[in-house]
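Reviewing the structure listed below.
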Amino acid sequence: MPPDSKMGDFAFPCFRLSKALRMGPPMIAQKLCEAIDKPALCRAENVNGYLNFFLNRENFARDTLQKVMAAPEKWGSSEEGKGKTVVMDYSSINIAKRFHIGHLSTTLIGNSLRRIYDFLGWKTVSVNHLGDWGTQFGKMICAYKRWGTREEVEAGGVDEMTRLYVRFHEEAKAHPELEDEGRAWFKKIEDGDVEALEIFNWFKEVTLKDAMKVYDVLGVQFDSYAGESFYNNKMDRVINELRDKNLLVESDGAQVVDLEPWKMPPCLIVKRDGATLYATRDIAAALYRKDTYHFDKCLYIVAYQQDLHFRQWFKVVELMGYPWAKDQLEHVAFGMVSYEGQTLSTREGRVIYLNDLLQRAQEKALEIINQKNPNLENKEEVARQVGVGAVVYSDLQNSRIKDIDFWWDRALNFDGETGPYVQYTHARCGSVLRKAGDIEATPDYTALLDDEAQAVLRLLARFPEDVRAACRTNEPFMVTRAVTEIAKAYNKYYYEHRILEGEPEAQAARVQLTRAVRSVIKTGLYLIGMEAPERM
């Protein structure tokens, strides 16, 4: 798209064709111009090797708005994923630990990608691969049996379990034998002891009950909560296959797969004491998911620090003779989250819990609404939509690999590129449409020939392409950027033109443009996991 609309609505540089066609770019542009000049659609023009296209503005406005309004809720959707399945592994919270801001990006990116893939016709399977295995659970049962009660855990939830876990470690300093007792309880879990499993599964239920409060606020759902413990009886297949295919080698008593030919450290499969590791479980999970869901893609939405881990075990699966590992397993990496300029550290007490963050976001949004529009109906509901939306937008406004520094003032700003700004534009469109009422006149699309209207129309027409690009690259920010640009372009149009003045036919065209903008913004916000308030 040329920087100046006087140079055309779109342009194609012909220089890249010069070598293949053995012809100068201006001559190529001229031949193309003669062949494809279609005044009803656009006028083509050769300018110094560039083929510039000038749209027939009236027809472009009519075609675009009629296409959008034919199925406004579905504009940008397609069936391109029909018959294909994508499994998405995201959020992956730890049992008996509170849901903190470090889980925000994986949860929001995963939720958005699920909606985008669904929108494009894919069958999606979302998996919350719970962190629910390890000796810490034996220690927690030990602490619960010694110092806890069912009533206190039910009432206090994860906070009470954390208190018990902290007490265990404090007591173990003076009584080291507690460590053996904790390991013994974990052994009981491994061996299927009825009491140990009952307490262990109850801990999971209590944790998920706490987590669901956050998931409900964010509108996040999962098809499976099969975590690490689910694969406990599926390790032997991995180890036996690796051994049968002569891929396992011994290293200091441990069993590893040598990856030196691919310039990677060895992938540790079995520790010296016979215990399995994350890689073993991830391989078992991938094989199970392929057998169960027959996926065409399996996405792992995990921070970039785990890049080597994924490259290692992806290569191991490929070496095991599963060629799909090469092009169907994908690590969707993302950057780190900091909070108002400070890195997060559990040890140093700089940890932000997600339910606290979302609650504070809603409270701050309500403060702003009370200042700007104190008579607004349903203020609490709008504050929830705006506050939660501000958090979501802040996380998904840039490429996922970029680190995020969350600041309240930036996130909740109603001006500039923020969630509230885009939501406010949606509400503004709603206000215009309520004032317009029912206009019976047939739209006169010559009312939309101006540069501002055409800028909006070009963005609406491009929205399906933006959604496809977001899916292709697993980058939700492409949808965020698309709806933000639509909001900016519409607001410029709104300030430059009187929508409800002039002939009824001209008003009808401008109202139809407003209706299309509102619909596409609502769709885009949904795809990134935000709601669109009717009034703000």
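The values are calculated or read from the model by the stated rules, or taken from the named source; none is laboratory data. Since we're looking at a predicted model, the values are computed, not measured. So basically every Cβ, Gly included, is an ideal-geometry build from the backbone, and we count neighbours across all protein chains shown.
Of note:
- Checking each residue in region 79-114 for being under 20 Å from His294 (Cα atoms) and of a type in the set (D, E, K, R) picks out Glu79, Glu80, Lys82, Lys84, Asp89, Arg114.
- Residues that are of a type in the set (A, V, I, L, M) and more than 11 Å from Leu113 (Cβ to Cβ), drawn from region 464-487: Val467, Ala469, Met478, Ala482, Val483, Ile486, Ala487
- Test: residue in region 139-154 that is surrounded by fewer than 19 Cβ atoms within 10 Å (Cβ to Cβ), aromatic (Phe, Trp, Tyr) and in a helix (DSSP H, G or I): yes
- So Ile116, is it at pLDDT below 95 and in contact with a helix residue (DSSP H, G or I) (Cβ under 7 Å, 6 or more places away or on another chain): no
- Neighbours by Cβ (under 8 Å, 6+ apart or cross-chain): first from region 237-260, touching a residue at least 12 places away in the same chain (Cβ under 8 Å); second of a type in the set (Gly, Ala, Ser) and surrounded by 15 or more Cβ atoms within 10 Å (Cβ to Cβ): Arg237/Ala284; Val238/Ala284
- The residues in region 459-506 that are over 15 Å from the mean Cα position of the chain (by Cα), in a helix (DSSP H, G or I) and of a type in the set (Lys, Arg) can be counted, and the count is 3.
- Within region 124-141, considering residues that are at pLDDT below 95 and of a type in the set (A, V, I, L, M, F, W, C), the one farthest from Ala196 (Cα to Cα): Leu130
- Listed conditions (1) of a type in the set (A, V, I, L, M); (2) modelled with pLDDT of 95 or more; (3) in contact with a strand residue (DSSP E or B) (Cβ under 6 Å, 6 or more places away or on another chain) are all met by Leu308, apart from (3).
Residue by residue, here is whether (1) at positive phi; (2) in contact with a Ser or Thr (Cβ under 7 Å, 6 or more places away or on another chain); (3) free of Cβ contacts under 8 Å to residues at least 40 places away in the same chain; (4) crowded, with 18+ Cβ neighbours inside 10 Å holds:
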residue: Glu475; (1), (2), (3), (4): no, yes, no, yes
residue: Ala487; (1), (2), (3), (4): no, yes, no, yes
residue: Glu496; (1), (2), (3), (4): no, no, no, no
residue: Leu513; (1), (2), (3), (4): no, no, no, yes
residue: Arg518; (1), (2), (3), (4): no, no, no, yes
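- Elements of type helices (runs of 4 or more DSSP H) contained in region 343-430, each with 1 or more residues being more than 22 Å from Leu218 (Cα to Cα) and of a type outside the set (Ser, Thr, Tyr): 354-372
Conditions (1) under 17 Å from the mean Cα position of the chain (by Cα); (2) closer than 14 Å to Leu525 by Cβ, marked per residue:
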| position | (1), (2) |
| --- | --- |
| Gln397 | yes, yes |
| Asp409 | no, no |
| Tyr421 | no, yes |
| Ala427 | no, yes |
| Leu433 | no, no |
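- Taking region 75-119 as the range and being assigned to a helix (DSSP H, G or I), farther than 19 Å from Gly227 by Cβ and either aromatic (Phe, Trp, Tyr) or without any contact (Cβ under 8 Å) to a residue 60 or more places away in the chain (or both) as the test, the residues that pass are Tyr117, Asp118, Phe119.
- Set side by side, the residues Ile101, Ile109, Ile95 differ, and just one is of a type in the set (Val, Ile, Thr) and closer than 17 Å to Tyr300 by Cα, which is Ile109.
- Condition check for Ile109: under 30 Å from Val511 (Cα atoms), of a type outside the set (Phe, Trp, Tyr) and buried (at least 21 other Cβ atoms within 10 Å of the Cβ): no
- Residues of region 290-308 satisfying the condition of being over 22 Å from Thr473 (Cβ atoms) and surrounded by 15 or more Cβ atoms within 10 Å (Cβ to Cβ): Lys290, Tyr293
- Matching residues in region 243-264 - criterion: being small (Gly, Ala, Ser) and on the phi > 0 side of the Ramachandran plot: Gly253
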